[in-house]
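Enquirer: Take a look at the following structure, please.
Rule-based calculations on the coordinates, nothing more; no lab input. Worth saying up front: this structure is predicted, and the values here are computed from it rather than measured. Please note: Cβ atoms are built from the backbone with ideal geometry, for glycine as well, and neighbour counts cover all protein chains shown.
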């Protein structure tokens with residue numbers, strides 16, 4: 001009887017601890033989601049560790065499962081309509097503006113647009129890959145990128161070894177500057193970057209940003225932290241923590257890479273030419289277990305992409 | 001979710017957007 005009582009007490013305390021930690025974590029997360037845009041404070045290491053310990057991948061998978069259940073037709077308009085109202089979705093741009101025709105929120109989230117509502121600019125080399133907001137852009141100096149002004153992340157951590165150049169060195173032994181030099185840019189060239197943030201109500205399919213060709217895919221299972229501008233100002237190296245799929249290749253000026261970075265509740269990335277890719281899957285195990293794929297010439301992924309070509313989509317989950 | 005583009009371009013490459021600007025797909029980012 002004594003043993004049973006003691007084990008019951010242990011279970012009770014364990015649940016109190018888990019409950020308190022989860023509540024505290026979620027409160028902290030919500031607080032920072034709604035921080036003003038000019039919040040300059042960067043989180044310390046222990047806060048980042050605590051944030052990364054939260055079961056965000058599991059929560060996202062549960063969210064994806066719920067939102068893939070087929071809703072009764074009578075509930076579709078009020079439930080999906082609430083999401084449309086909350087996030088100011090432009091329903092008039094959707095290929096199908098009738099909410100009753102979407103089986104669930106997941107299907108609405110990956111909606112297509114009416115033909116002709118977007119024009120792909122023909123005069124410029126680089127066009128926006130998605131509907132969203134420019135989080136940051138600029139030149140990459142000495143292998144360091146800026147996710148927002150003054151908050152950085154490392155290029156070698158983001159892309160990993162330069163396998164597509166036949167270079168399989170352990171990047172941990174290289175400095176950021178050495179890694180940058182190994183990219184071997186053409187004389188008179190620089191390395192640029194641009195980050196486009198997709199907010200919840202935005203159209204969540206994405207397109208080719210230029211005329212280019214893929215030569216390598218690398219999938220980092222990683223975490224699913226929020227990538228909202230407030231969190232990007234708060235967590236240094238945010239994009240190196242998150243689950244992402246890097247496609248590296250070439251365009252008319254040399255090296256070109258296109259990366260889809262997942263986020264809390266939006267960790268399910270689908271790339272139309274890459275059927276083998278699965279993201280936010282429990283079988284991936286360790287978040288550091290990187291999955292690479294060489295692209296074979298002549299396959300669907302090895303073809304050349306044109307500016308504006310449909311490339312992939314983010315899904316709830 | 002986020003899309004990150006990292007690319008090589010000549011030194012005179014110029015962005016046509018500003019930080020915080022809303023963009024639509026197909027809109028020019030730079031030349």
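Enquirer: With each label point set 7 Å from Cα along the Cα-Cβ vector, what nm distance links residue A:175 and residue A:303?
Expert: In this crude label model, residue A:175 to residue A:303 measures out at 4.5 nm.
Enquirer: How do A:197, A:258, A:83 line up, fewest other C-beta atoms within 10 Å first?
Expert: By the 10 Å Cβ count, ascending: A:83, A:197, A:258.
Enquirer: Now for a separate question. Suppose each label sits 7 Å from its Cα in the direction of the beta carbon; what would the residue A:278-residue A:70 distance come out to in nanometres?
Expert: 2.3
Enquirer: Picking from A:107, A:190, A:177, which is most flexible by a Gaussian network model of chain A using Cα springs under 10 Å?
Expert: Greatest mean-square fluctuation among the candidates belongs to A:190.
Enquirer: Using the per-residue mean of other Cβ atoms lying within 10 Å as a proxy for protection, in what order, highest first, do the peptides A:50-59, A:286-295 fall?
Expert: Working: A:50-59: 16.7, A:286-295: 13.2.
Final packing ranking: A:50-59, A:286-295.
Enquirer: Could you pull out which residues in chain B have an amide N less than 16 Å from a spot 7 Å beyond the Cα of residue A:211, following the Cα-Cβ vector?
Expert: From chain B, the list is B:31.
Enquirer: Next question. Sorted by packing (mean other beta-carbon atoms within 10 Å per residue), highest first, where do A:64-70, A:221-227 land? Before the final figure, lay out each step's value.
Expert: Working: A:64-70: 14.1, A:221-227: 24.3.
The peptides rank, most packed first, as A:221-227, A:64-70.
Enquirer: Take the Cα coordinates of the protein assembly as shown, assign each an equal point scatterer, and use the Debye formula without solvent to give log10 I(q)/I(0) at q = 0.10, 0.14, 0.15 Å⁻¹.
Expert: Listed by q, the Debye log ratios stand at -0.63, -1.21, -1.38.
Enquirer: Ok, one more. Rounded to the nearest whole Å³, what is the per residue volume of the convex hull around the Cα atoms of the range A:241-284?
Expert: Numbers: hull volume 4.2 nm³, N = 44.
Convex hull volume per residue, Cα atoms: 96 Å³.
Enquirer: Let me know the mean shielding of A:251-263 by other chains, meaning the per-residue number of their Cβ atoms within 10 Å of its Cβ. Working shown, then result.
Expert: On the way: counts 3, 2, 5, 4, 4, 5, 5, 5, 5, 4, 4, 2, 2.
Mean inter-chain Cβ contacts per residue within 10 Å come to 4.
Enquirer: Still on this structure, I have one more. Please list A:272-280, A:115-123 highest first by mean number of surrounding beta-carbon atoms within 10 Å per residue. Please report the intermediate quantities before stating the final value.
Expert: Details: A:272-280: 16.9, A:115-123: 12.0.
Packing order, densest peptide first, comes out as A:272-280, A:115-123.
Enquirer: Taking each residue of A:190-203 in turn, how many C-beta atoms of other protein chains fall within 10 Å of its C-beta, and what is the average?
Expert: Values: counts 7, 4, 10, 4, 10, 6, 9, 6, 3, 2, 1, 0, 4, 2.
Shielding by partners across A:190-203 averages 5.
Enquirer: Here is a further query. For an R0 of 35 angstrom, estimate the FRET efficiency from the Cβ-Cβ distance between residue A:100 and residue B:21 and round to the nearest 0.05.
Expert: Numbers: r = 35 Å, r/R0 = 0.99.
Efficiency, rounded to the nearest 0.05: 0.50.
Enquirer: Calculate the mean, over all residues of peptide A:117-126, of how many other protein chain Cβ atoms lie within 10 angstrom of the residue's Cβ.
Expert: Values: counts 2, 4, 4, 4, 6, 2, 2, 6, 7, 11.
Mean shielding by partner chains, rounded to a whole number: 5.
Enquirer: Given points 7 Å out from each Cα along the Cα-Cβ axis, report the residue A:293 to residue B:31 separation in nanometres with one decimal.
Expert: About 3.6 nm, to one decimal.
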